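Asks: Input: one structure, supplied below.
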Amino acid sequence: MTFIPKPKVAHPSLPKNALGLTRRDYEGALSTLCAGCGHDSITAAIIEACWGISARPENVVKLSGIGCSSKTTAYFVSGGHGFNSVHGRMPSIAMGANAANRDLYYVGVSGDGDSLSIGLGQFCHAIRRNLNMLYLIENNGVYGLTKGQFSASADIGTKAKKGEVNQQPPIDPVLLAMNLGAGFVARSFSGDKAQLVPLIQAGLKYPGFAVIDVLSPCVTFNDHEGSTKSYAYTREHFEPVVQADFVPFQREITADYGAGQAMPVVLHDGSRILLRKLAEDYDPTDAGRAYGYVQEHIAKGEVLTGLLHLRPTDQSEFHALNRTPEQPLNQLPYAKLSPGSKALEKVLARYR
Amino acid sequence: MNPTDTSRPDYFHKVVDCQWACPAHTDVPEYIRLIAQGRFTDAYLVNRKSNVFPGILGRVCDRPCEPACRRGRVEKKPVAICRLKRVAADHKDEFRDRLAPIPQIKNGKKIACIGAGCASLTVANDLMPLGYEVTIFEQFGEPGGLMRTNIPSFRLPQGVLDEEIGAIIDMGVELKLGHKIESMRALLADGGFDAVFVGSGAPKGKELKLPGRQEAAANIHIGIAWLESVAFDHVKSIGERVLIIGVGNTAMDCCRSSLRLGAKNVKVMARKPRQFFKASEWELEDAEEENVQIVINRSPKAFVVEGGKLKGMTFDVMEYDVDARGRITAERITGEEFLPADDVILAIGQENAFPWIERDLGIEFDKWDVPKVDPVTFESTRPGVFFGGDAAFGPKNIIWAVEHGHQAAISVHQYCQGLPVADRLAPGVNLQSRKMGMHEWSYSNDYSPVERRLMPHVSLKERFKKINIEVELGFTAEQAAEEVQRCLNCDVQTIFDAKLCIECDACIDICPVDCLTMTPNGEEAELRTRLKAPAQNVTQALYVSAPLKFTGRVMVKDEDVCVHCGLCAERCPTAAWDMQKSHVKWPHAADQPSATAAAGLKSA
Ligand SMILES: Cc1cc2nc3c(=O)[nH]c(=O)nc-3n(C[C@H](O)[C@H](O)[C@H](O)COP(=O)(O)OP(=O)(O)OC[C@H]3O[C@@H](n4cnc5c(N)ncnc54)[C@H](O)[C@@H]3O)c2cc1C
Ligand SMILES: Cc1ncc(C[n+]2csc(CCOP(=O)(O)OP(=O)(O)O)c2C)c(N)n1
Ligand code: SF4
Ligand code: SF4
Ligand code: SF4
Ligand SMILES: [Mg+2]
């Protein structure tokens, strides 16, 4: 970490978004993570993404559990709302908030420990309920905050800093999410903002559960030789297969993608996700084939990245399933929110 | 692009914008830090080493450093570099005992300097500690050149001049006042000097030949001659209505001096619009504060004389077409205007003139009658005769004259030691890490958002009471304390070691001003468009690394608006970035190998 805050001075020609804000307006508190931590890069990518889609800071809800990764919600969009839940329980909080107000952007930031160990059940049910949120797993293969124990995403054969070798098979959040029916499943790398920023933007805009597993090396406990989650290993093994570019509603598509190769997916507000296949034989919209493809490559030791699966149209989003009111609860008239003791009596009578 | 070759001393020198822009390469950030620590005498001496006259320059320097200052690109205004120089000078203690000692036993070489202006004084300053016997010939009764005779005392008090000139003369210089050199031939033949330095300035004010010039001569004055008469108390008054022709710095001194000698209505007449003025912005502001009216687009046409007395002047009213790049593409006259005046002062430029140098001595002059002078060695075409200051290439300013003096002193020394004058020690640069420990840097790396402090002035009511009331009061202690923190420490350089980088992005993310990018290499022009913030200021270098280990990309730093906060180095997990102070070694005569060997000393 550093004790020296980033000064407010900025590049004089820093661009402004539709709201007249610069990227710097989306920053948060001083990071207390280790210098060089991948999580900080993801924070920077979130800042860039929120700025890029001109999200109003007060419309961003930041949710997290416990872990170094979960601490990062304090480091971006200080003008947003935040909730640091107990370990692994971020999805429940996200669901409550989401149920009460569907007008906001929900960004959940979690870790491989937070989501795949203690919070695995919560994670699965958030997918099942198809919460309209962006769920980021900052995946470093260890419990960073508690000093580097293997997490459930550690690969077989990967070595801990002190030398012990992991024997248990990993849980892969991408395969798990596809298996449970998530409509937006991506994998990326903290060191590749060109890929990560548009993914985050697309995920924020996607109407349904969007999960991005972001490989995010832990410089302190898992960046040594023999680790499969180090900077060096990730750089060597990651393989982008689908590039997803996010095109906001206002902007025209610049035609620098080979036509035919780029597939636009139009979202409800008119913005588009442009899918560009980098591997010929890969179809991200076919969940079954995508699952097989990703699994095969994992077996070969390759880490495929990009928007690995996208289900274009999605009616089964949480609010539609539960027929929640359009209006956020805090905007409903009091009488409607609280129908009074007589109405309560009636409801209770049904159970007597 | 190829990896940046940082072994060239120029590279890091150029990053220190102020020092690079300063003709004498004053170590600005170093003296500003010393002021911040209250070490005024040390700050003064850092200045003096390069610019010789910190008290004088802290008031009247042309300050090429300030428009260059990086702070002026990061926010609106540059650091008040010049004002801080004055802070050092005003608050210093005795410093003479800390100057290089003057050898008792001389080296047997005698040097003549013609004119006691800043150029000659610098030559003496550099050569006296090496054992030379220097004689300065000055036509006037006091040393200082234009600093004394033309820069008015309300800008530059006598006491400041006396102190800084005294420090040089008291090294044992033989100062021959009231001694005009009438013949170079005689001096070379009979003077007994081993080398001659001509620092006689550019003393000839330009004429304006228009109808009526002769008839009204009594009330038409040449600016620099008039200022000289004012300085020597030969002129004590002027008419109520004064027109100043020209809008350079001389014009500014003429109009403000007029106001102090009784003028009530002073107009400065400019041929062109404001963006073409030669005067520095701050001199214009100071004149306007005193209610001088600056009239644009007026081209002098004739002096109007009635009954043998000046009545005023007529001007053509001009109109100009200016293109997008700010150049004049066409001009036309749209009318004529008469302005009444009691006196007119011509301030349209000056030239060097050498009626006292015979043209058959081997000192060649070009077709404009300007001596041929080598721009590096300052030697004329006659070995052993050197020129510097305004005498060399026409009128410039004090700080240029000082640097000419330094360079000429090196040549004089080489020449007298029988060494080629072109054989000169090259500039060098030293780097030293500023890391102190965890999260600690031995310089104030915090960015201070404070805006430039304003110089307090004597009130308009007070300042005209006497001609020598210094208008600028100098910074208060509080102002100085705030202003020093505005300096970005551009000499604390960001140094990158590509083999240590693990491409984690930490430095890129933390940089507050988006200087850093990791990207595939390319040609410079194209690379500049691909950086995190496009690098549009092509006068500022890109610092390009060797290919990085994992991806073969390069780390590119746009030097343009780096605030030298050190956060990149602070954040880097592998110390691939480090903050290192660069010390530019700009050699003077005493640093030449022949000088250090002679003195049995090593170069500092
Ligand atoms: C009105 C005015 C205002 C200025 N204001 C500024 C300013 O604010 N800041 C700034 O940086 N610069 C200013 N300048 C420019 C600056 O003063 C000169 O560039 C600088 O003084 C040049 O120094 P020098 O040593 O070359 O010559 P000078 O200062 O001109 O000194 C030459 C000396 O040689 C003497 N001399 C000449 N011929 C002979 C001879 N034959 N024998 C003996 N002695 C001789 C002269 O009497 C004079 O003393 C100003 C100039 C003018 C005219
Ligand atoms: C209920 C509970 N059990 C255990 C812990 C201890 N604990 C804190 S963080 C953490 C693991 C965090 O790992 P991960 O989510 O991968 O985050 P990282 O620090 O690696 O980013 C654990 C087990 C806790 N805080 N609360
Ligand atoms: S900020 Fe300081 S070091 Fe940088 S150019 Fe300005 S005065 Fe010089
Ligand atoms: S010192 Fe480093 S972090 Fe600070 S402005 Fe310069 S490049 Fe950016
Ligand atoms: S912080 Fe250091 S290791 Fe990381 S990218 Fe920057 S220079 Fe490289
Ligand atoms: Mg973890």
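Asks: Considering chain A as a Gaussian network with a 10 Å cut-off on Cα pairs, which listed residue, A:T234, A:T32, A:T43, attains the greatest mean-square fluctuation?
Replies: For chain A, modelled as a Gaussian network with Cα springs under 10 Å, the answer is A:T32.
Asks: Further question: Compute the distance from the alpha-carbon center of segment B:92-127 to that of segment B:12-44, in whole Å.
Replies: First find each Cα centre; the distance between them is then 23 Å.
Asks: State the percentage of accessible surface on segment B:492-585 attributable to carbon and sulfur atoms; use a 1.4 Å probe and exclude ligands, DNA and RNA.
Replies: C and S fraction of accessible area: 59 percent.
Asks: Of the listed peptides B:115-126, B:175-186, what is their order by residue-averaged count of other C-beta atoms within 10 Å, with the highest listed first? Could the numbers behind the result be given before it?
Replies: Values: B:115-126: 30.8, B:175-186: 14.7.
Ranked from most to least packed, the peptides come out as B:115-126, B:175-186.
Asks: Same structure, new question: So, R0 is 60 Å and r is the distance between the beta-carbons of B:E351 and B:E526; what FRET efficiency does that work out to, to 0.05?
Replies: Details: r = 47 Å, r/R0 = 0.79.
With R0 = 60 Å, the Cβ-Cβ based efficiency is 0.80.
Asks: Keeping every protein chain present and rolling a 1.4 Å probe, give me the accessible area per residue for segment B:492-585 in Å². Intermediate results must be reported in sequence, preceding the final value.
Replies: On the way: 2980 Å² over 94 residues.
Spelled out: the 1.4 Å probe surface of segment B:492-585, per residue, equals 32 Å².
Asks: Got a sec? Which residues of segment B:568-589 lose 40 Å² or more of accessible surface with every protein chain in place, vs. that chain alone, 1.4 Å probe?
Replies: B:E570, B:R571
Asks: Hey, another quick one. Less than 16 Å apart at the alpha-carbon level, and either on another chain or at least 8 residues along: which lysines does that give for A:K346?
Replies: Answer for A:K346, where 16 Å is the Cα cut-off: A:K336, listed by chain and number.
Asks: Just report the Cα centroid separation between segment A:1-40 and segment B:179-236, whole Å.
Replies: Here the answer is 61 Å between Cα centres.
Asks: Ok, one more. Kindly report the accessible area of segment B:205-349 per residue (heavy atoms of protein chains, probe 1.4 Å, no ligands, DNA or RNA), in Å².
Replies: Details: 6830 Å² over 145 residues.
For segment B:205-349, the per-residue accessible area is 47 Å².
Asks: Another question, if that's okay. If amide H atoms are built 1.01 Å from N in the plane of the peptide, which residues on other chains or at least 5 residues away come under 5 Å of the amide H of B:E358?
Replies: Those lying under 5 Å, H to H, from B:E358 are B:M184, B:R185.
Asks: Just to be sure I follow the rule: in segment B:492-585, considering lysines 8 or more places apart or on different chains, how many pairs have Cα atoms under 24 Å apart? Intermediate values should be presented prior to the final figure.
Replies: Values: B:K499/B:K532; B:K499/B:K549; B:K499/B:K557; B:K499/B:K581; B:K532/B:K549; B:K532/B:K557; B:K549/B:K557; B:K557/B:K581.
The number of close lysine pairs in segment B:492-585 is 8.
Asks: Give the A-B buried accessible area in Å², both sides summed, 1.4 Å probe, nearest 100. Intermediate results must be reported in sequence, preceding the final value.
Replies: Working: alone 16850 and 26350 Å², together 40740 Å².
Roughly 2500 Å² of accessible surface disappears when A and B pair.
Asks: If you take every DSSP beta bridge fully contained in chain B, what fraction is antiparallel? Give it as a percent rounded to 5. Intermediate results must be reported in sequence, preceding the final value.
Replies: On the way: 44 of 74 bridges.
The answer is about 60 percent antiparallel.
Asks: Going by average Cβ density within 10 Å per residue, which order do the peptides A:115-124, B:46-55 take, highest to lowest?
Replies: Details: A:115-124: 21.1, B:46-55: 25.3.
Packing proxy ranking, top to bottom: B:46-55, A:115-124.
Asks: Cα to Cα, under 16 Å, and not fewer than 8 places away if on the same chain: which lysines meet these conditions relative to B:K278?
Replies: Here the lysines satisfying the reach criterion relative to B:K278 are B:K206, B:K396.
Asks: Can you give the helix-only mean residue ellipticity at 222 nm for chain B, where every DSSP H stretch with n ≥ 4 adds -39500 (n - 2.57) and the sum goes over all residues, rounded to the nearest 500 deg cm²/dmol? Mind showing how you got there, number by number?
Replies: Details: 23 runs with 180 residues, N = 604.
Dividing the helical sum by the residues of chain B leaves -8000 deg cm²/dmol.
Asks: Give me the percent of accessible area attributable to carbon and sulfur for segment B:205-349, probe 1.4 angstrom. Numbers along the way, then the final one.
Replies: Working: 3240 of 6830 Å².
It is 47 percent, rounded to a whole number.
Asks: Any chance you could check segment B:482-505 for residues losing 10 Å² or more of accessible area when the partner protein chains are in, compared with the chain on its own (1.4 Å probe)?
Replies: Buried by 10 Å² or more upon assembly, which counts only protein chains, are B:I502, B:E503, B:C504, B:D505.
Asks: Same structure again: Give, to the nearest whole percent, the P(r) tail of segment A:1-142 beyond 28 angstrom, counting all Cα pairs. Don't skip to the end; give the middle numbers.
Replies: Details: 1765 of 10011 pairs.
Looking at segment A:1-142, the distances longer than 28 Å represent 18 percent of pairs.
Asks: Moving on to the next point. Taking accessible area as the heavy-atom solvent-accessible surface of the protein chains with a 1.4 Å probe, which residues of segment A:29-48 lose no less than 50 Å² upon going from the isolated chain to the full protein assembly?
Replies: Listed in order, they are A:A35.
Asks: For the peptides B:417-424, A:143-150, B:20-27, what is the packing order when you average, over each peptide's residues, the other Cβ atoms within 10 Å and list the highest mean first?
Replies: Numbers: B:417-424: 14.1, A:143-150: 18.4, B:20-27: 22.1.
Ranked by mean Cβ neighbours within 10 Å, highest first: B:20-27, A:143-150, B:417-424.
Asks: With every protein chain left in place, what is the accessible area per residue of chain A in square angstrom, probe 1.4 Å?
Replies: Working: 15610 Å² over 352 residues.
Using a 1.4 Å probe on heavy atoms only, each residue of chain A averages 44 Å².
Asks: Taking all protein chains in place and a 1.4 Å probe, what share, in percent, of the accessible surface of chain A do carbon and sulfur account for?
Replies: Numbers: 8550 of 15610 Å².
Heavy-atom surface of chain A belonging to carbon and sulfur, 1.4 Å probe: 55 percent.
Asks: While we're looking at this one, here's another question. Just to confirm my numbers, what's the Cα centroid distance between segment B:526-593 and segment B:311-363 in Å?
Replies: Here the two parts' Cα centres lie 45 Å apart.
Asks: Quick one: of the DSSP bridges fully inside the protein assembly as shown, what percent are antiparallel, nearest 5? It would help to have the intermediate numbers written out before the result.
Replies: Working: 63 of 123 bridges.
Within the protein assembly as shown, antiparallel bridges account for around 50 percent of the total.
The values are calculated or read from the model by the stated rules, or taken from the named source; none is laboratory data. Model, not experiment: these values are computed from the prediction. Because the Cβ atoms are built from the backbone with ideal geometry, glycine has one as well, and the counts that use them run over all protein chains shown. Ligands, DNA and RNA are excluded from the accessible area calculation, which covers all protein heavy atoms including side chains. Shrake-Rupley method; radii C 1.70, N 1.55, O 1.52, S 1.80 Å.
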